[in-house]
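What follows is one structure encoded as structure tokens, with my remarks underneath.
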């Protein structure tokens, strides 16, 4: 039984880890921390867990308790993993960080977007970007994982096959992304109220968003050169889900849409968390709700040069906690989708 | 491996059986029928099942194929199970009917509410009402199960302990029930459109609803006498969930609310699909979404005679497909909640 | 042109006053106060008002500016109107208070439910409870109006005809009420987040709620004696609307449902904000969304003694800001529904 | 009083015409037709209209009755206006067609996308495309108006200033559009059910959609040359609203974002139904819900060549019935926004 801890467990990614791990036969959650809720049982805060965690309660973060775990998940605001990861690694505990702390390789870029100095630049070298469809082998050997963000996961999975194959113009790609409200977290913000975010839709951060450097870092690597990306996130009135609509321009390509379909199918043939849907499909976010799956579909309107790639994930699963567990599975030699393989609920 | 068939698999209870059984390690779905969609793969109609049912397709109903199953679920409009159940039973296949065909013991009452003669009155004697919290032993031996309706499940579970103990006035109980829209099924009705049922709420059938005789039949049995029930269902703008608010009047009772809490806890101590929440709780429907759990909570406003019992279920799981599987598990000697024990997703 | 001020204009009842008064040809909003947002234009905070209030901005509350108004609305938390109303009245400005400050006639009862001493008991005598369907003549002459709460409005309008006629058992009435989330206000509370309140339903305050004494005060007056009421509010996943389902027991009544329908129709014949729908109707909350209308419908299941009264309003209009304007209209001799008579939007 | 008729009044654009015209002091609806619902009062079908249309009922379409109107709205499926418009025009009644029948100037293109021959090519010459921000003077003189589609309205208003000024690359513009479910109409389709379209998001028609030729026709006219457009519509879980996110590429432009803002403000200065929001804004669809307003905002991420134009409308108002009334107002010399100038409801 692999013993894991969760730091910062009161938010949506924390409870989602608990939900998913309740179904994971080889993992046991031994500690979960929260300063604000210490002493409260997790199933008191989250009644959906009643009957699944009969004793687990939030506790004050304690280095020794955490270090007794085989792995620790950080489901925290940025900055926290910077402060605690080094010590845990030194004591032999692996770290899977769901925050943005180790996603960006350049500490200066991180500092610019997050408005504070990077707190652990010495760990950046060994941190592995936890996108299994790109870094699976490195993840198996990693001690420190930076779990990708939700938008970055959906955008990268939709573009990487094209970039790796050198088939698109890298100077100007459009990513129009729509997120559910849970992407904003469980914090009590006016903008996330049902009465504010319900029955409405809007863009936000249209002039610049923190996920941009993470996305372009991944796209640059796949392309082997700097990619120009216009990324506009939108808030949509639903609880879970990201729908990314990607508009790459074909270049140096004389093949057919079927050829591109084959390219995608082959690229992900061996990856259980990516589903390339048949030509003509329009994936719905609900088809992946609660699951660790990314579903993709390709369209080529009017048989022109602009390709349309549709990419859907659950922002809290493949976009956060599920992907974190996928990394855990790989790090500990388990089946890659153990505990995260249930089908979505429809309706 | 228990082989099961599903008759009428294109509706919401059908796909929900498929979703839940995908997680059930001891059951295999070998046939699913649909006249209208024959030949279509189930994961083409329901992409959430992609990767879980790689070959299963809808087929024309065929008596021999169905009879080759150990058990057959009917997820059909009323009348279909009447026509087919007898033959299957005769050939040794057990029948678990999710429709209303065998729920009401009196064929005349059935005929009155459903506007047509009962099609198989000879089977009513052996049909077992599949509410495991009442009939668990009979279910273990049964060949033919009438799975309770969604409203009846939530109302009965909230009142039975009080009726069995003789603590309430049986002449006049109020059951104010709120259902999600999936209770109306996957049929294309104007009233179920997002633009009609969204952002609104209404009562329906306030002068009389088909679930009434089923509910009172169960309450009468628990009370040992005829119960007077006012039952008003409401349509609420959500996909899944039933919230029943029950208003029994205490009678012949000099104890405290804590005593009633103990009564409920003891009544359901041995029943894994019922959760009596701590005093002061207000169960949310989302805490049982996608699960086979019924959560109950008791209140006694102003310490008066009117008790308030709150009862929530997922109408498609404990109110339909999950309860059907709970029955299957009991009939075949499996763990009662095998395959239907995952925690709900929150948020 | 009647000049009005709004104290505490940043909440939902404040912006709703602005929306409705933008359509009112005889009223001008000259001042709106907010400590936290002073200096911000109202159409900056609420872009729906762009083009309708080209100069109005939130200002620090100032007694002289407010006193220059013909009437001042209080859209504030409880306690604020206690502090300011007396001075305004002394200076000849009428006060229409949307908070709970003057709704309950007994200062001790108020203090008990609100956990603080009543701040202006000397004004209770002249405060008029602003339910026009009961107090229309008194409202015309009033200087100080206590606008009824949302639940109290919907419950009282559904029961008053029966209580006045002495046709029901007053010892035990059930009011099962379902509210939209905007009833909880614009405050940033976790429980009001789209991800918490969406796709779910729950009761709250089942053991006791602040609106109870206000409701019973009104029912007692109509009945001429103390009424026993069990009131359970519920939170439903929608933005606006209250649906009250009322279960009075007929007593001393040998007539028909049609007689009761006539009773209701006659009681409200002269009241433009109440619509008694035809027998057999199930009013939807969306049919009154954005409007100052209360729609009622009567049912008598099984022709028994339990009557079912369905009552829907928009909690922010007939349950708050619209009713406040209805009072203003009456106080200033205008058409009772001037500015609040547009039909609801469907869908 | 201008007398108007509505052909095909049971759908969402029909009832929306009724709602808006109830507030229009210079227009009276004298006839509304529906074959399927003839004899039913409009306020029986749409209870929100109770008290606003006390006698109006659906009637069988009758040429003489319609010809007695000053103007007739067609809120019908395509093909119906083809059949009836000519006769009405010949008898002196003006026609405002909300369907697609006269939007596309080339009868062959129409036939290709709608799969049937154009039924009234002889009227195409005089039909005026009813986008007042482009064709206001022609509308004033018109007898036959083709009211623009919802997507086309939102896309054209966001791009026309740039195209007219020749500032963008016309070879490749991306329009990523998100629509509420009411865009699919009131027909009972499975895909529009709350349980199918709720809590989910998807693209549709990504390989080609009927609104494309209408949009490009308008863009071509503004640009003076053929425009290459990639248009992907999406279905979002809300009742009303369209959010179009447009990605034009600047070309031959050395100015600033502020210059573009000025360009937009000047272009629409005289147009009451378009609101150019301040720089930095992200318009919400709810800010125009129920109103005839289009709100626009400009962004220029990273000060690069890709511009982001955000454009929101209510698909049933500025995208259909409101714009139809805006045309009526212009045709009859009324204030352009008479009856369609109320602010949106927030929340």
Next on the checklist: Report, to one decimal in Å, the Kirkwood hydrodynamic radius for chain D based on all distinct Cα pairs.
Outcome noted: 20.5
Item to check | Most mobile listed residue (A:331, A:251, A:238) in chain A, GNM with C-alpha springs under 10 Å | outcome: A:251
Checklist entry - Is any residue of segment B:301-326 close enough, with backbone N under 20 Å, to a label point placed 7 angstrom from the Cα of residue B:26 along the Cα-Cβ axis, and if so, which? => result B:318, B:321-326
Checklist entry - Taking only the alpha carbons of segment B:80-182, what extent do you get along each of the three principal axes, in Å, biggest first? => result 45, 33, 28
Checklist entry - Put the label 7 Å from Cα along Cα→Cβ for residue C:122; what are its distances to the other copies, in nanometres, shortest first? => result 7.1, 8.5, 8.9
Checklist entry - Sorted by mean Cβ packing within 10 Å, highest first, what order do the peptides D:3-15, B:208-220 take? => result D:3-15, B:208-220
Item to check | Nm distances between copies for residue D:269, ranked from closest, using label points 7 Å along Cα→Cβ | outcome: 5.9, 6.4, 8.3
Checklist entry - Rg(Cα) of segment A:286-338 divided by 2.2 N^0.38 Å? => result 1.50
Checklist entry - So how compact is segment D:197-293: Cα radius of gyration and Dmax in angstrom? => result 15.9, 45
Item to check | Rg and Dmax of segment A:55-139, Cα atoms only, in Å | outcome: 13.5, 43
Checklist entry - Give me the log10 of I(q) over I(0) for segment D:8-100 at q = 0.24, 0.25, 0.26 Å⁻¹, as the Debye formula computes it from C-alpha points; what are the numbers? => result -1.38, -1.47, -1.55
Next on the checklist: Placing one identical point scatterer on every Cα of segment A:256-347 and ignoring solvent, what is log10 I(q)/I(0) from the Debye formula at q = 0.26 Å⁻¹?
Outcome noted: -1.27
Checklist outcome for this item: Nearest-0.05 FRET efficiency for residue A:171 and residue A:256 at R0 = 25 Å, using Cβ-Cβ distance, is 0.55
Item to check | Cα-Cα pairs of segment B:15-60 separated by more than 18 Å (percent) | outcome: 20
Checklist entry - Given just the C-alpha atoms of segment C:85-126, how large is their convex hull per residue in cubic angstrom? => result 68
Checklist entry - Which percent of Cα-Cα pairs in segment B:151-315 sits in each 5 Å bin, short to long? => result 2, 9, 18, 21, 20, 15, 9, 4, 2, 0, 0
Checklist entry - For residue D:83 and residue A:266, FRET efficiency with R0 = 56 Å and r from the beta-carbon atoms, rounded to 0.05? => result 0.60
Next on the checklist: In 10 Å bins starting at zero, report the fraction of Cα pairs in the protein assembly as shown per bin as a rounded %.
Outcome noted: 2, 8, 16, 21, 22, 18, 11, 3, 0, 0
Checklist outcome for this item: In units of 2.2 N^0.38 Å, the Cα radius of gyration of segment C:128-232 is 1.23
Checklist entry - Using 1/(1 + (r/R0)^6) with R0 = 25 angstrom and r between the beta carbons of residue D:279 and residue D:164, what's the FRET efficiency to the nearest 0.05? => result 0.75
Item to check | Across the identical copies, how the residue D:333 labels are spaced - nm, sorted shortest first, 7 Å along Cα→Cβ | outcome: 3.8, 9.1, 9.3
Next on the checklist: Counting only helical runs of four or more DSSP H residues, what would the 222 nm mean residue ellipticity of chain A come to if each run contributes -39,500 (n - 2.57) and the total is spread over all its residues?
Outcome noted: -8500 deg cm²/dmol
Checklist entry - How many Cβ atoms of partner chains, on average, are near each residue of D:278-288 if near means within 10 Å of its Cβ? => result 6
Checklist entry - What does the average come to when, for each residue of peptide B:237-247, you count the partner chain Cβ atoms lying within 10 Å of its Cβ? => result 6
Checklist entry - Do you know the relative contact order of segment C:61-155, to the nearest whole percent, from alpha carbon pairs under 8 angstrom that are 6+ apart? => result 27
Checklist entry - Taking square-rooted eigenvalues a ≥ b ≥ c of the alpha carbon gyration tensor, is segment A:104-155 rounded, prolate or oblate, where a/c under 1.5 means rounded and, failing that, a/b exceeding b/c means prolate? => result oblate
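Bear in mind these aren't lab numbers, they're just calculated from the coordinates by the rules spelled out. The structure displayed is predicted, hence computed values, not measured ones. We place every Cβ from the backbone using ideal geometry, glycine too, and count neighbours over all the protein chains shown.
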